[in-house]
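Comments concern the structure below.
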Amino acid sequence: MTITLNNIGRRFNRDWIFRGIHHTFTSGESYAILGPNGSGKSTLLQILNGSLSPSIGTIDFAFQEKQIEIDQVFQYLSLAAPYLEVIEEFTLSEMVDFHFKFKAYKEGVDKKHLINLLNLPKSEHKLIKYFSSGMKQRLKLILAFCADTPMLMLDEPTSNLDHQGVDWYLSLVEQFATGRLTIICSNQEHEYGFCKQRLSISDYKS
């Protein structure tokens, strides 16, 4: 999987959030998009996952050397972010079933294994609206990690997680991020310390 940014910029009204980004993201590499809150990390991530168009420049997606149309990028992507909602009227079991109608499980993972990985064995039939914020974040992460997609994008992945939850997140990285194009938006070192590539939004402010 490859994402190529050519002179990418995004503005709201007359103010540029960032511009002049030339960068290539490739499978098997881990990237951290860094910057303080409000700097534009999430905006760039939305451009990278095809849900937001740049104000200037072009973006190209390719998988196994074949171009991917931007409206098909979602099929190759797993995303977890604080602003994404889960369906609170579903039970945990129903949410997992629903999610994997659209994505395949990674090899060696099934519903039972996923729920065991969540460490929420007594919550399988609990309505998600009764989950704590930390439980909801765990659910978003496990669905993203365990889906068989070449791209994994995580925005502030340990928000609402305690120290034990952070360790759990890092164990998922070890198990399920290898070989994928992994992009982390963060300003917390523990979330992206494993990323070998770093891109700072501050370098692209006008």
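Of all residues assigned to region 64-71, none qualifies as being touching a Lys or Arg at 6+ places or on another chain (Cβ under 9 Å) and of a type in the set (Val, Ile, Thr).
Elements of the type strands (runs of 3 or more DSSP E) sitting completely within region 145-206 and holding at least 2 residues that are modelled with pLDDT of 95 or more and within 18 Å of Phe74 (Cα to Cα): these cover 151-155, 181-186.
Results for (1) of a type in the set (A, V, I, L, M); (2) modelled with pLDDT of 95 or more; (3) more than 30 Å from Leu127 (Cα to Cα), shown as yes or no for each residue.
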{"residue": "Leu48", "(1), (2), (3)": "yes, yes, yes"}
{"residue": "Ser51", "(1), (2), (3)": "no, no, no"}
{"residue": "Ile59", "(1), (2), (3)": "yes, yes, yes"}
{"residue": "Gln64", "(1), (2), (3)": "no, no, yes"}
{"residue": "Tyr76", "(1), (2), (3)": "no, yes, no"}
{"residue": "Ile87", "(1), (2), (3)": "yes, yes, no"}
{"residue": "Phe90", "(1), (2), (3)": "no, yes, no"}
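Only one entry of Val96, Val109, Val86 meets the criterion of being farther than 16 Å from Arg180 by Cα and in a helix (DSSP H, G or I), and that entry is Val96.
Residue pairs whose Cβ atoms lie under 7 Å apart, sitting 6 or more positions apart in sequence or on different chains, and linking a residue in region 51-75 that is within 15 Å of Met151 (Cα to Cα) to a partner that is aliphatic (A, V, I, L, M) and surrounded by 16 or more Cβ atoms within 10 Å (Cβ to Cβ), are Phe61/Ile3; Phe61/Ile68; Phe61/Val73; Ala62/Ile68; Phe63/Met1. Only one residue in Val96, Val109 is more than 27 Å from Gly193 (Cβ to Cβ), touching a residue at least 24 places away in the same chain (Cβ under 8 Å) and either surrounded by 18 or more Cβ atoms within 10 Å (Cβ to Cβ) or of a type outside the set (Val, Ile, Thr) (or both), so which one is that? That would be Val96, the only listed residue that is more than 27 Å from Gly193 (Cβ to Cβ), touching a residue at least 24 places away in the same chain (Cβ under 8 Å) and either surrounded by 18 or more Cβ atoms within 10 Å (Cβ to Cβ) or of a type outside the set (Val, Ile, Thr) (or both). On the stretch given as region 122-139, residues that are surrounded by fewer than 15 Cβ atoms within 10 Å (Cβ to Cβ), part of a loop (DSSP other than H, G, I, E, B) and charged (D, E, K, R) total 1.
Residue under question is Gln67, and the condition is that it be in a strand (DSSP E or B) and surrounded by fewer than 18 Cβ atoms within 10 Å (Cβ to Cβ); does it hold? Yes; evaluated as a whole, the condition is true for this residue. Within region 31-42, the set of residues being in contact with a helix residue (DSSP H, G or I) (Cβ under 9 Å, 6 or more places away or on another chain) and either of a type outside the set (S, T, N, Q) or crowded, with 21+ Cβ neighbours inside 10 Å (or both) comprises Tyr31, Ala32, Ile33, Leu34, Gly35, Pro36, Gly40, Lys41.
The values are calculated or read from the model by the stated rules, or taken from the named source; none is laboratory data. Everything numeric in this text was worked out from a predicted model, so none of it was measured. Don't worry about glycine lacking a Cβ; one is built from the backbone with ideal geometry, like all the others, and counts go over all protein chains shown.
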